[in-house]
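Student: One structure coming up, written as structure tokens, with questions to follow.
FYI, it's all coordinate maths here, none of it is from the lab. Quantities reported herein were computed from a predicted structural model and do not represent experimental measurements. With ideal geometry, Cβ positions are generated from the backbone for all residues, glycine too; neighbour counts draw on all protein chains shown.
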Amino acid sequence: MQSGGQQVGKASIQFKEGPRIIGAASVVGQKEGEGPLGSFFDVIEPDPMLGCDNWEEAESALQKEAADLAIEHSGIVRNQIRYLFAGDLLGQLIATSFGTVDLEIPLFGLYGACSTMGEALCLGAMAVDAGYADYVMSMASSHFASAEKQFRFPLEYGNQRPLSTTWTVTGCGSFVLGKKGGNVRVAGITPGKIVDMGLKDSMNMGACMAPAASDTICRHLEDFGRRPEEYDKIITGDLGEVGHTILVDFMKSNGYDINSLHMDCGMEIFDNESQDTHSGGSGCGCSAVVLAGYILPKLQSGEWKRVLFVPTGALLSSTSYNEGQSVPGIAHGVVLEHC
């Protein structure tokens, strides 16, 4: 089957028809449910352990619940999904490998840090558009406690958090893509490249990721020959308040004013003052659940016609940080349109 997509510019792909999002689901924790977007999520889990014995198993349970719900919303059955593109923040992707084993769908395990939802949508859309699958699932998750345990300190340590830090979202967003059905399509993608400005502050990931977001957005606009005003929103994943300011400044230096158009999922999901999340939300699940619960319905209703969705990721590990390495960033752009 011949692909309807074509290469555009230096790094982008424009799809002729565009794979459709035919089902989506968002499952979040109690803190996320108490935030400004709480009413938009499908499921709010009051127990952060989800009845499991440890945090990692709890995150796997988030994935299983979100996947099952997305399949239910899509109107197809599980064995019609040919491939699963999914990932999380944990070493060896254990939340994904244990969380999706019962789905019995061939898995491409992905790690793009907090940009993983963008990576999963890019690859899923390419597979469907090229005719390699009629249906695929794209999914990403994170859990506050499992991420703190791996990247920072166990919760029992009770460490102080600087104001530049973000709060890892407990949640999972899942999407089913197909050639037909639904009224929101993936119209194009701009995969991001690694951008390393030499920053080493793991407690200020917004600053580490903002240059990568700027690079991807600028390259996307150049590849497609568009201006920011041709989008209802340009949406980043989890830059937070610090990263938002840096991104706007970087874009202005490149000749683009996106201040009025920019939205950051990490800034939307929490009320920083009342919920004490400092710079905002973060994690793979941050952009995933905001897309499923809040952004997608606005596209489905036609309130927004076109958005550029740009999940952002800080590519660090506890090993690289302890060895004094910098924190590179990456961001993947996905064009979503009402159709």
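Student: Per the helix-only calculation at 222 nm, which mean residue ellipticity applies to the chain, given -39500 (n - 2.57) for every DSSP H run of n ≥ 4 and division by its residues, nearest 500 deg cm²/dmol?
Tutor: Taken over the chain, the calculation gives -9500 deg cm²/dmol.
Student: Determine ³J(HN,Hα), in whole Hz, for all residues of the stretch 129-134 in sequence, where each value follows from phi through the Karplus function 6.51 cos²θ - 1.76 cosθ + 1.60 and θ = phi - 60°; x replaces Gly and Pro.
Tutor: 5, 7, x, 7, 7, 7
Student: With θ set to phi - 60°, apply the Karplus curve 6.51 cos²θ - 1.76 cosθ + 1.60 along the stretch 113-126 and write out the HN-Hα couplings as whole Hz, x wherever there is a Gly or Pro.
Tutor: 6, 6, 8, 4, 5, x, 4, 5, 5, 4, 5, x, 5, 4
Student: Just the number, please: Stokes-Einstein D of the chain in µm²/s, Kirkwood Rh from C-alpha pairs, 25 °C, 0.890 mPa s.
Tutor: Diffusion coefficient, whole number: 127 µm²/s.
Student: Provide the FRET efficiency to the nearest 0.05 for the LYS200-SER260 pair, computing r from the beta carbons and using R0 = 51 Å. Provide the component values of the computation, followed by the final result.
Tutor: On the way: r = 33 Å, r/R0 = 0.64.
After rounding to 0.05, the efficiency reads 0.95.
Student: Oh, and also: Given the peptides 215-223, 10-18, arrange them by the average over their residues of other C-beta atoms within 10 Å, most packed first.
Tutor: 215-223, 10-18
Student: ARG78 versus ASP102, label points 7 Å from Cα toward the beta carbon: distance in nm?
Tutor: Placing both labels 7 Å beyond Cα along the Cβ direction yields 0.7 nm.
Student: For LYS10, list the aspartates and glutamates whose Cα falls under 13 Å from its own Cα; do not include residues on the same chain fewer than 8 positions away.
Tutor: ASP215, GLU222, ASP223
Student: Cα-Cα over 21 Å: which of LYS180/LYS233; LYS16/LYS180; LYS64/LYS180; LYS31/LYS149; LYS16/LYS179?
Tutor: In this structure, LYS180/LYS233; LYS64/LYS180 exceed 21 Å between Cα atoms.
Student: Return the sequence-ordered ³J(HN,Hα) values of the stretch 267-274 in whole Hz as given by the Karplus equation 6.51 cos²θ - 1.76 cosθ + 1.60 applied to θ = phi - 60°, using x for Gly and Pro.
Tutor: In residue order, the calculated couplings are 7, 8, 6, 10, 9, 4, 6, 7 Hz.
Student: How high is the relative contact order of the chain, in percent, with contacts defined as C-alpha pairs under 8 Å that are six or more residues apart?
Tutor: Values: 918 pairs, mean separation 84.0, N = 339.
Reported as a whole number, the value is 25 percent.
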